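What follows is a short report on a single structure.
The values are calculated or read from the model by the stated rules, or taken from the named source; none is laboratory data. Treat the numbers as computed from the prediction; the structure is a model and nothing was measured. For neighbour counting, all protein chains shown are included, and Cβ atoms are generated from backbone atoms with ideal geometry for every residue, glycine included. Just the protein is used for accessible areas: all its heavy atoms, side chains included, with ligands, DNA and RNA removed. Shrake-Rupley method; radii C 1.70, N 1.55, O 1.52, S 1.80 Å.
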Amino acid sequence: MTQRIRSAAPATAVTAGFLAVLIGVTSSVAIVAAAAQAAGATHAQLTSWMMALGIGMGVTCLGLSLRYKAPVITAWSTPGAALLATGLSGVPMAQAVGAFLFSAVLVVLSGVTGWFARIMDRIPVSLASALLAGVLVQFGTGLFTKMQESLVVVLPMFAVYLLTKRWLPRYAVIGALAVGVAITAAQGSFTTSGLNLALAEPVFVRPEFSWQVLVGVGLPLYVVTMASQNLPGVAVLRNAGYRTPISPLLTWTGIVNALLAPFGCFGLNLAAITAAICTGEEAHRDPRKRYLAGVWAGLFYLVVGLFGGVVGWLLSTLPTALVMGIAGLGLLGTIGSSLSSALSDERTREASVITFLATASGMTLFGIGSTFWGLLAGILATIVLNWRRRPAPTPPHKAPEEPTGPMGPTGSAAPTDTKRSSHDEGVLVPTPRAEG
């Protein structure tokens with residue numbers, strides 16, 4: 001019996017699953033709360049959101065990891081939540097749920113029909129990254145505006161984040177959150193009134209469909225989730241050596257998302273950062289056993305969902321400075337990587353800047369938010385600026401001079417050929433070529 005328990009619950013796999021859930025929730029739960037508040041969610045509806053998201057992530061992590069014997073980790077769409085926090089302002093909850101359902105159906109269609117690769121081929125990654133950066137920039141600036149308003153809380157969080165990022169980067173956000181909670185507790189900002197340890201109760205919202213909300217919120221939610229979440233999620237699995245078929249993963253996450261959308265499940269996708277915790281050697285020395293980390297992550301997510309009321313209570317008692325501070329710190333890495341990706345391609349750099357500025361502006365035309373117009377402006381700019389543009393002429397090749405000594409006239413080493421490494425398929429490594 002002891003051997004069976006150890007086989008099903010190795011300490012490293014359980015720890016990896018717990019850390020994935022802990023980091024995934026604490027680093028972005030404040031953004032989910034902001035999205036729910038933007039849609040005018042009540043306390044009961046916020047609790048239902050947490051329940052639906054927790055159960056959705058738990059079911060998909062548990063089921064897909066067992067089915068494919070790979071650490072398939074899912075998460076809520078953090079960029080999607082940030083998008084909703086800005087795009088749902090003034091949108092009725094029923095229409096917001098309609099946008100969630102619309103986005104989930106698009107994900108299902110992407111998995112069933114294979115749209116994913118074709119759509120991503122038509123939207124440059126740099127534009128999708130610029131779109132995401134434009135959505136998240138206000139959370140980054142919010143970190144410092146709240147620092148001005150509540151220096152005693154936010155400045156120590158920022159300092160601990162930097163120090164922990166230097167030596168224990170995996171726990172940087174958790175460390176900052178712990179310090180923020182300790183300071184606010186010392187100030188007497190917390191109260192136990194309203195705490196209910198009962199199981200969460202679902203709140204059903206009948207979806208309504210408005211074409212403005214579908215185009216302005218649902219479609220950007222789909223694009224951001226696919227480009228900024230599912231794409232790196234696939235890369236994490238592939239880099240870890242798992243060849244799990246992607247279309248079924250998209251299909252099942254989309255189906256579960258659609259079923260739970262009326263209860264507040266706005267977006268489920270493949271995880272990237274938290275998935276890396278469960279796909280590495282820290283989860284298990286044997287890659288064939290690392291799927292257990294995904295199973296345990298699913299179990300922990302189910303607990304989060306079942307006690308969504310406690311999470312909702314915690315969020316309602318957190319001071320705004322603490323919520324915005326931890327949200328900004330949790331998104332610093334995403335903002336940085338998004339800007340780096342957006343500006344990496346010289347051909348689409350200016351179009352990416354246009355996408356970023358238009359999205360960050362918060363403009364609204366014809367009832368459609370800035371996320372759609374930012375992406376549209378970037379696509380149009382890409383087409384106009386690169387239409388039939390000829391590539392830069394390649395300078396004529398100059399034959400190398402005949403070497404005059406053992407190492408040639410400049411002391412350079414002998415020329416090399418390349419061949420595929422026997423232990424790293426697809427990577428070209430130089431190997432010496434015999435002279436003569």
Log entry, pairs with first residue in the stretch 25-39 being more than 15 Å from Cys265 (Cβ to Cβ), second being open to solvent by 20 Å² or more (accessible area, probe 1.4 Å) and basic (Lys, Arg), beta carbons closer than 8 Å, six or more apart or on different chains, reads none
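Every residue, every condition in (1) touching a Pro at 6+ places or on another chain (Cβ under 7 Å); (2) not β-branched (Val, Ile, Thr), yes or no:
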| residue | (1), (2) |
| --- | --- |
| Thr164 | no, no |
| Tyr171 | no, yes |
| Ala176 | no, yes |
| Thr184 | yes, no |
| Leu214 | no, yes |
| Val217 | no, no |
| Gln229 | yes, yes |
| Gly241 | yes, yes |
| Phe263 | yes, yes |
If you go through Pro79, Pro10, the only one that is open to solvent by 10 Å² or more (accessible area, probe 1.4 Å) and either out of contact with any helix residue (DSSP H, G or I) (no Cβ under 8 Å at 6 or more places or on another chain) or of a type outside the set (Lys, Arg) (or both) is Pro10
Those residues of the stretch 201-228 that are open to solvent by 50 Å² or more (accessible area, probe 1.4 Å) and aliphatic (A, V, I, L, M) come to a total of 1
Considering residues that are touching a residue at least 60 places away in the same chain (Cβ under 8 Å) and open to solvent by less than 70 Å² (accessible area, probe 1.4 Å), the number found within the stretch 151-173 is 7
Picked from the stretch 51-74 (must be of a type in the set (A, V, I, L, M, F, W, C) and more than 9 Å from Tyr301 (Cβ to Cβ)), the residue surrounded by the fewest Cβ atoms within 10 Å (Cβ to Cβ) is Leu66
| request: Consider Thr348 carefully, then state whether it is at pLDDT 85 or above, open to solvent by less than 40 Å² (accessible area, probe 1.4 Å) and more than 20 Å from the chain's Cα centre (by Cα). | output: yes
key: Check on Ala198, surrounded by fewer than 22 Cβ atoms within 10 Å (Cβ to Cβ), among the small types (Gly, Ala, Ser), out of contact with any Gly (no Cβ under 8 Å at 6 or more places or on another chain) and closer than 21 Å to Ala33 by Cβ   = no
Within the stretch 76-127, the residues that are within 19 Å of the chain's Cα centre (by Cα) and aromatic (Phe, Trp, Tyr) are Trp76, Phe100, Phe116
Residue set Leu214, Leu197; condition touching a helix residue (DSSP H, G or I) at 6+ places or on another chain (Cβ under 8 Å) and at pLDDT below 90; output residue Leu197
On the basis of being modelled with pLDDT under 90, within 18 Å of Thr320 (Cα to Cα), part of a helix (DSSP H, G or I) and touching a Ser or Thr at 6+ places or on another chain (Cβ under 9 Å), does Ala176 make the cut? yes
Scanning the stretch 21-44 residue by residue, the ones that are of a type outside the set (Val, Ile, Thr) and under 16 Å from Leu177 (Cβ atoms) total 7
With the first residue restricted to the stretch 290-311 and required to be touching a residue at least 12 places away in the same chain (Cβ under 8 Å), and the second required to be open to solvent by 40 Å² or more (accessible area, probe 1.4 Å) and outside any helix (DSSP H, G or I), Cβ contacts under 6 Å at 6 or more apart or on different chains are Arg290/His284; Tyr291/Lys69; Leu306/Leu199; Gly309/Asn196
Just to be sure, is Gly142 within 16 Å of the chain's Cα centre (by Cα), assigned to a helix (DSSP H, G or I) and surrounded by 16 or more Cβ atoms within 10 Å (Cβ to Cβ)?
no
The correct count of residues that are modelled with pLDDT under 90, open to solvent by less than 50 Å² (accessible area, probe 1.4 Å) and closer than 22 Å to Thr334 by Cβ in the stretch 85-121 is 6
By residue number, the members of the stretch 222-276 that are in contact (Cβ under 8 Å) with a residue 24 or more places away in the chain, closer than 26 Å to Thr47 by Cβ and over 15 Å from the mean Cα position of the chain (by Cα) are Trp252, Gly254, Ile255, Val256, Asn257, Ala258, Leu260, Ala261, Pro262, Phe263, Gly264, Cys265
Restricted to the stretch 20-50 and to residues being of a type outside the set (Gly, Ala, Ser) and farther than 26 Å from Leu329 by Cβ, the residue surrounded by the fewest Cβ atoms within 10 Å (Cβ to Cβ) is Thr42
